[in-house]
Amino acid sequence: MISIPNSESITLISKQSLSGKVHNIKVLNRSEILNYISDFNFATKRLFVDCDEDCFLEIDPNPKQSPDPILLLWKNLNLQVSNSIFKDIMNGFPLLCPFLAEDLDGNDLMLAWGKKESLVSAMESGFGTYFSRSRNGKWVKGEESGHLQNIEEIHICLDPFYVLYKTKQIGAACHTGYYSCFFREMLSLESVSFVFKSKVGE
């Protein structure tokens, strides 16, 4: 059984396949996600939950919504849009927004939150950079553990606003030791199965 936190920022990622492109990202509250899971069709779709139980990954082969418009912003240390477009993006950047990390095969690794300063730092360093809400400061993934994220591409969606890192993951993306934070697949609200047979290095 999972325990969904009482939060206004429960994130739902939707894809057509595990290694496919991101189709949609939504931010819901606890009541909305509970209703969503209650109505979820486990026979035709799959649902994964992350380590903190505040982010869900839906695999829906036949989505009803149109895909989010995602723009390639940065690749191999080079900006892929004009300076004027980049300035507009930064001017419209929200105080906090979802930052999703995927490996180069398209598998989702983790979802955290970030600020415009997180994005700028990632573009300058090439490392997956976020904002830690618990520590109230900059967080470079793997800075202490060595499980760094070497970013090759950064994509951005402006409506809804989120950042997508395409990265080479060193070691485990999850603090629990699993390669991905989405190491559990939900079979119902009360039942989950583990995706990986073991943690990284075991």
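The values are calculated or read from the model by the stated rules, or taken from the named source; none is laboratory data. Treat the numbers as computed from the prediction; the structure is a model and nothing was measured. Positions of Cβ are backbone-derived with ideal geometry, glycine not excepted, and every protein chain shown enters the neighbour counts. Please note that ligands, DNA and RNA were not included when accessible areas were found on the heavy atoms of the full protein model with its side chains. Shrake-Rupley method; radii C 1.70, N 1.55, O 1.52, S 1.80 Å.
Report the one residue of Leu18, Asn83, Thr44 whose Cα lies farthest in the direction of the positive end of the charge dipole of the chain (charges on C-beta: Lys and Arg +1, Asp and Glu -1; origin at the Cα centre).
Selected residue: Asn83.
For Cα pairs less than 8 Å apart in space and 6+ apart in sequence, what is the mean separation divided by the residue count of region 1-140, i.e. the relative contact order in percent?
Computed value for region 1-140: 19 percent relative contact order.
What residues qualify as long-range amide H neighbours of His23, i.e. H under 5 Å apart, gap of 5 or more or another chain, H built at 1.01 Å from N?
Excluding prolines and chain starts, which carry no amide H, the hits are Ser14, Lys15, Gln16.
Cβ neighbours within 10 Å, averaged per peptide: list 59-68, 108-117 in order, most packed at the top.
Details: 59-68: 12.5, 108-117: 21.3.
Ranked by mean Cβ neighbours within 10 Å, highest first: 108-117, 59-68.
Where in region 15-30 does the amide nitrogen come within less than 14 Å of the point 7 Å from the Cα of Asn6, taken along Cα to Cβ?
30
Past the 25 Å Cα-Cα mark, which pairs from Lys26/Lys197; Lys75/Lys199; Lys64/Lys199; Lys15/Lys87; Lys21/Lys64?
Lys26/Lys197; Lys75/Lys199; Lys64/Lys199; Lys15/Lys87
Under a 5 Å amide H to amide H cut-off, with H placed in plane at 1.01 Å, what residues pair with Thr167 once short-range neighbours are removed?
Answer set, sorted by chain and number: Glu102, Asp103, Leu104, Glu152.
For Glu152, Glu32, Glu124, give me the order by solvent-accessible area with a 1.4 Å probe, most accessible first, ignoring ligands, DNA and RNA.
On the way: Glu152 60, Glu32 85, Glu124 145 Å².
Result of the area sort, largest leading: Glu124, Glu32, Glu152.
To the nearest 20 debye, what charge dipole does the chain have about its Cα centre, counting +1 at the Cβ of each Lys and Arg and -1 at the Cβ of each Asp and Glu? It would help to have the intermediate numbers written out before the result.
Numbers: 20 positive and 25 negative charges, 45 e Å.
Dipole magnitude for the chain comes out near 220 debye.
For the chain, what does the helix formula give at 222 nm: sum of -39500 (n - 2.57) over DSSP H segments with n ≥ 4, over the residue count, nearest 500 deg cm²/dmol?
-4000 deg cm²/dmol
Between Asn136, His147, Pro98, whose Cα lies farthest towards the positive end of the dipole of region 93-182 when Lys and Arg beta carbons carry +1 and Asp and Glu beta carbons carry -1, centred on the Cα centre?
Asn136
Please list, in order along region 128-137, the HN-Hα scalar couplings obtained from phi with the Karplus expression 6.51 cos²θ - 1.76 cosθ + 1.60 (θ = phi - 60°), rounded to whole Hz, x for Gly and Pro.
x, 10, 9, 10, 7, 6, 6, 9, 6, x
Through the Karplus equation 6.51 cos²θ - 1.76 cosθ + 1.60, θ set to phi - 60°, convert the phi angles of region 149-160 into ³J(HN,Hα) values in whole Hz; use x for Gly and Pro.
Per-residue couplings from phi come out as 10, 8, 7, 9, 9, 10, 10, 9, 10, 9, 8, x Hz.
Can you give the extra length, in nm with one decimal, that the chain gains between Leu18 and Phe42 once fully stretched, where that is 0.36 nm per residue apart less the Cα-Cα distance? Walk me through the numbers before you get to the answer.
Values: separation 24, 0.36 × 24 = 8.64 nm, distance 1.54 nm.
So the chain would gain 7.1 nm between Leu18 and Phe42.
By how many degrees, 0 to 90 and rounded to 10, does the Cα axis of helix 116-125 deviate from the longest principal axis of the chain?
Taking Cα atoms only, the helix is inclined about 70 degrees.
Quick one: how many lysine pairs does region 102-183 have with C-alpha atoms less than 16 Å apart and a gap of 8 or more or different chains? Give me the count, please. Display every interim value, and only then the final one.
Details: Lys115/Lys138; Lys115/Lys141; Lys116/Lys138; Lys141/Lys166; Lys141/Lys168.
Lysine pairs meeting the criterion: 5.
Ignoring ligands, DNA and RNA, please state the percent of accessible area on region 111-198 from carbon and sulfur, probe 1.4 Å. Each step should come with its number before you reach the end.
Working: 2160 of 4170 Å².
Summing carbon and sulfur atoms, their accessible area is 52 percent of the total for region 111-198.
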